[in-house]
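Heads up, the thing below is written out as structure tokens.
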Amino acid sequence: MRDTFHRTIDYLRISVTDRCDLRCKYCMPETGVEPLTHGDILSYEEILRLAKCFVRLGIRHIKITGGEPLVRLYVIDLIGQLKKIPGIEQVTLTTNGTHLAKYIWALDKLHIDGINISLDTLNPVLYREITGRDVFAKVFSGLQEALKYPAIKLKINCVPQGLSGQDIAAVAGLAKDHPVHVRFIEMMPIGLGKEFPLICESNVRQELEQTYGSLQPFHENLGNGPCRYYSIPGFQGKIGFISAMSHKFCSNCNRVRLTADGKLKTCLQYDRGMDLKALLRSGRPDHEVELAILQALESKPGEHHFTETFVVDQEKKSMFQIGG
């Protein structure tokens, strides 16, 4: 698929649930969350049907997200079915890691192409403060278990928050001691993220270089998204930056999102897209669904405008509702 700005769209992020067993302060409030009902979310049969429609239009890479995708029953079976669809080149997963130790063997058996683990600090006390749950040991155990499966490409996602004790250099050190890539993601002003300060890539780089020395640009492609990677001598993995605010990468955007309740989103900032679930449940044939996808793609903006004070069609939902 190509959008109106001539960008190739070949990457689909599918949220399978808005539920999560953590309560990260920048994502989900501790109380007052009303989850979607089972009937509100797409069934696995509907997800598979839509995936085949997207593949016929040119999607080649799929990421399973949430919420926390591993809290939805039988999601492993869904991943296995997605892997079998002709035309899909990669199926990957983003997880908070709380259930990774339980499912990693099954994911390896399915030949999952990669797993991203969200981990903002190695400080157990601060981890509990950030996530609202005392499960750091469980998450770190999941990471250690995943490291036993070298065929699975592992990445760590860390959101710098400027908190005392977060020690992003220690998080980066995971790439020194293990064959994992550690990526630092700038906080985006979406949902509760609007209440947090922006810690720019330049601040993170300065802290890392004070500890490890100069970061050397690494020009090979290590994924499907906008991350820019760097090498550090002696490190097994790379250090990456996803800097939507300080290094806008919209001109190279290649993705769209499918929310758990079946909405096609063409950009994180805007409440625009298409209700694909409604089309499926009204009995529309695949060719009409595919036409609707292409029509929705026409609304994909050229870039975000997060720094502007007034934006038409601003998204009001949080990331757990949109899909991480």
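Each value in this text was obtained by applying a stated rule to the coordinates, not by laboratory testing. Just so it is clear, the model here is predicted, and its values are computed rather than measured. When we count neighbours, we look across all protein chains shown, and the Cβ atoms used for this are built from the backbone with ideal geometry, even at glycine.
Could you list the residues of the range 223-242 with an amide nitrogen less than 13 Å from a label point located 7 Å from the Cα of residue 147 in the Cα-to-C-beta direction? The answer is 236-237, whose backbone nitrogens lie closer than 13 Å to the label point.
Using C-alpha pairs under 8 Å with a sequence gap of at least 6, the mean separation divided by the residue count of the range 11-322 gives a relative contact order of 19 percent. Summarising the label geometry, the points placed 7 Å from Cα in the beta-carbon direction at residue 85 and residue 214 lie 4.5 nm from one another.
Here residue 129 and residue 282 are evaluated by their C-beta separation; at R0 = 45 Å the FRET efficiency comes out at 0.45. With pairing defined as another cysteine C-beta under 4.7 Å, the cysteines of the chain that fail it are 20, 53, 158, 200, 227, 250, 253, 267. Near residue 101, once Lys and Arg are set to +1 and Asp and Glu to -1 for all other residues with Cβ below 12 Å from its Cβ, the sum equals +2. Spin-label pair residue 37-residue 137: with each label point 7 Å from Cα along the Cα-Cβ axis, the two points sit 4.0 nm from one another.
For Cα pairs less than 8 Å apart in space and 6+ apart in sequence, what is the mean separation divided by the residue count of the range 40-126, i.e. the relative contact order in percent?
On the way: 85 pairs, mean separation 25.0, N = 87.
Relative contact order here is 29 percent.
In the chain, the C-alpha radius of gyration followed by the widest Cα-Cα span (Dmax) gives 19.0, 59 angstrom.
Tell me, in nm to one decimal, what length is gained between residue 246 and residue 275 on full extension, where the rule is 0.36 nm per residue of separation less the Cα-Cα distance?
Values: separation 29, 0.36 × 29 = 10.44 nm, distance 3.18 nm.
Net length gain for the segment: 7.3 nm.
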